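A.B. asks: This is the structure I want to talk about, given as structure tokens.
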Amino acid sequence: MHLTLPIPRVRQLLRAAHKTEILVVGDAMLDQFVWGHVSRISPEAPVPVLEFERESFMPGGAANVARNLAALNVRTELFGVIGRDAPGAQLKRLLAAHGIGHTGLIELDDRPTSLKTRIIAQRQQIVRVDRECKHELDGKLTEKLLTLIRRRLDSAAAVIVGDYGKGVVTQLLLDELKRLCRARGVWLSVDPKPVHKLDLTGVSLVTPNRKEAFELAAISDNTHSQNPLADASLMRVAKKLFDELHPALLLITLGELGMLLCQRHHDPIHIPTAAKEVFDVSGAGDTVIACFTLAIAAGASPVEAAIFSNHAAGIVVGKVGTATASPAELLESFGHK
């Protein structure tokens, strides 16, 4: 099945997205990229020697979800915690440069900003170094975060929760967000982290990748088919997650095979990938949840939102490092010249 959107519809969704506000809640990080060239192996150990060329910084984790929204001109506010440190200050500068609101970021003296350093040689990532704290926020800090969120919630069309297992997304936070969003009719999307056992029932959208979906369902991944709809284990996982979590929508991302959209009273729909070439899948899941949610907030149907986010993901995996899709790139991917 060839699934696409007409160019006028894409334009319409982008225009409507410009008028919406989306809140992003979760583990905000700073991504550092160290770029260089490898031409020899170290005499000290069998490891490559990187000849440093440059470094760059990008918002990461939940901050990358916010960056994907802002790149498509959505009013975006980020909520989470950072350290009162140099990486935290750098992250705030980057957020401001991207037009992302960050008054919802709480600065802490005793908790460092999550920093992920990726070493890249000849456009390929060769190692990653993580510096972070994974302790759960206590009830007092969670309530402080919720107070900040409540102040902005009435003007928001949707909330995206980015759980990367770094301690910001607690059960207390998620339960209250579910209650607040349900009471206001606000869409709630969650990108889950299966190692972090949380009750995900009753949210609007859950977006695990294949590995995460199998972990969430506690089912072994022992089948693999180029046609996801013929993949018995995947279909079993999708049914179990839908039956247990009762989301409005379940979207399982499948890497080079695209994505699987599951909705109540409908057969699952497979949306093949729109990627032309893949350089780096870093942050592709952030792009999917951001673009699916903004499309829904802009009035798209679930199938339209899946196609829209699939095209955006196809753009970002063709770039090195965490990346975003611009309105012009999205229109071009749908055939606009």
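A.B. asks: Residues N73, N64: which one is surrounded by 18 or more Cβ atoms within 10 Å (Cβ to Cβ), in contact (Cβ under 8 Å) with a residue 40 or more places away in the chain, not aliphatic (A, V, I, L, M) and not in a strand (DSSP E or B)?
C.D. replies: Selected residue: N64, the only one of N73, N64 that is surrounded by 18 or more Cβ atoms within 10 Å (Cβ to Cβ), in contact (Cβ under 8 Å) with a residue 40 or more places away in the chain, not aliphatic (A, V, I, L, M) and not in a strand (DSSP E or B).
A.B. asks: Return the residue satisfying two criteria in turn: it lies in segment 28-41 and is surrounded by fewer than 24 Cβ atoms within 10 Å (Cβ to Cβ) and in contact (Cβ under 8 Å) with a residue 40 or more places away in the chain, and of such residues it is nearest to G60 (Cα to Cα).
C.D. replies: Of everything passing the filter in segment 28-41, Q32 is nearest to G60 (Cα to Cα).
A.B. asks: Output the residues belonging to segment 136-161 that are within 18 Å of G83 (Cβ to Cβ), in contact with a Ser or Thr (Cβ under 9 Å, 6 or more places away or on another chain) and outside any loop (DSSP other than H, G, I, E, B).
C.D. replies: Passing the criteria: T142, L148.
A.B. asks: Tally the residues that are assigned to a loop (DSSP other than H, G, I, E, B) and either of a type in the set (K, R) or modelled with pLDDT under 95 (or both), restricting the search to segment 291-337.
C.D. replies: Final tally of qualifying residues: 14.
A.B. asks: Assess whether K178 counts as being buried (at least 20 other Cβ atoms within 10 Å of the Cβ), on the phi < 0 side of the Ramachandran plot and within 19 Å of the chain's Cα centre (by Cα).
C.D. replies: yes
A.B. asks: Filter segment 89-115 for residues that are outside any strand (DSSP E or B), closer than 15 Å to K166 by Cα and free of Cβ contacts under 8 Å to residues at least 60 places away in the same chain and give the result.
C.D. replies: Within segment 89-115, D110, R111, P112 meet the criteria.
A.B. asks: Name the residue, out of L188, L205, that is buried (at least 21 other Cβ atoms within 10 Å of the Cβ), more than 19 Å from T273 (Cβ to Cβ), of a type in the set (A, V, I, L, M, F, W, C) and in contact (Cβ under 8 Å) with a residue 40 or more places away in the chain.
C.D. replies: Sole residue among the options that is buried (at least 21 other Cβ atoms within 10 Å of the Cβ), more than 19 Å from T273 (Cβ to Cβ), of a type in the set (A, V, I, L, M, F, W, C) and in contact (Cβ under 8 Å) with a residue 40 or more places away in the chain: L205.
A.B. asks: Moving on to the next point. Filter segment 295-337 down to the residues that are in contact with a strand residue (DSSP E or B) (Cβ under 9 Å, 6 or more places away or on another chain) and closer than 16 Å to A248 by Cβ, then identify the one that is surrounded by the fewest Cβ atoms within 10 Å (Cβ to Cβ).
C.D. replies: Only one residue fits best here, namely V303.
Yes/no matrix, rows are residues, columns are (1) modelled with pLDDT of 95 or more; (2) over 18 Å from A62 (Cα atoms); (3) not hydroxyl-bearing (S, T, Y):
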residue: L145; (1), (2), (3): yes, no, yes
residue: D154; (1), (2), (3): no, yes, yes
residue: A157; (1), (2), (3): yes, no, yes
residue: L180; (1), (2), (3): yes, yes, yes
residue: V186; (1), (2), (3): yes, yes, yes
residue: H196; (1), (2), (3): no, no, yes
residue: I219; (1), (2), (3): no, yes, yes
residue: N227; (1), (2), (3): no, yes, yes
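A.B. asks: Conditions first: (1) of a type outside the set (S, T, Y); (2) under 15 Å from L254 (Cα atoms); (3) at pLDDT 95 or above; (4) assigned to a loop (DSSP other than H, G, I, E, B). A274 passes all but one, so which condition is the exception?
C.D. replies: (3)
A.B. asks: What number of residues in segment 1-27 are buried (at least 19 other Cβ atoms within 10 Å of the Cβ) and touching a strand residue (DSSP E or B) at 6+ places or on another chain (Cβ under 8 Å)?
C.D. replies: Residues in segment 1-27 being buried (at least 19 other Cβ atoms within 10 Å of the Cβ) and touching a strand residue (DSSP E or B) at 6+ places or on another chain (Cβ under 8 Å): 7 in total.
A.B. asks: Right, another one. Within segment 227-244, is even one residue hydroxyl-bearing (S, T, Y), without any contact (Cβ under 8 Å) to a residue 60 or more places away in the chain, buried (at least 24 other Cβ atoms within 10 Å of the Cβ) and part of a helix (DSSP H, G or I)?
C.D. replies: no
A.B. asks: May I ask you to list the residues in segment 146-168 that are among the hydroxyl-bearing types (S, T, Y) and under 13 Å from the mean Cα position of the chain (by Cα)?
C.D. replies: Y164
A.B. asks: On the given criteria, is L173 in contact (Cβ under 8 Å) with a residue 60 or more places away in the chain, crowded, with 20+ Cβ neighbours inside 10 Å and farther than 23 Å from T322 by Cα?
C.D. replies: yes
Matching residues to (1) touching an Asp or Glu at 6+ places or on another chain (Cβ under 6 Å); (2) β-branched (V, I, T); (3) assigned to a strand (DSSP E or B):
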position: P8; (1), (2), (3): no, no, no
position: L23; (1), (2), (3): yes, no, yes
position: L30; (1), (2), (3): no, no, yes
position: E51; (1), (2), (3): no, no, yes
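A.B. asks: Against the definition (touching a Pro at 6+ places or on another chain (Cβ under 9 Å), part of a strand (DSSP E or B), at pLDDT 95 or above and surrounded by 12 or more Cβ atoms within 10 Å (Cβ to Cβ)), how does I82 come out, yes or no?
C.D. replies: Yes, satisfied.
The values are calculated or read from the model by the stated rules, or taken from the named source; none is laboratory data. Nothing here was measured: the structure is a model prediction, and the numbers come from that model. All Cβ positions, even for glycine, are placed from backbone atoms using ideal geometry, and neighbour counts span all protein chains on display.
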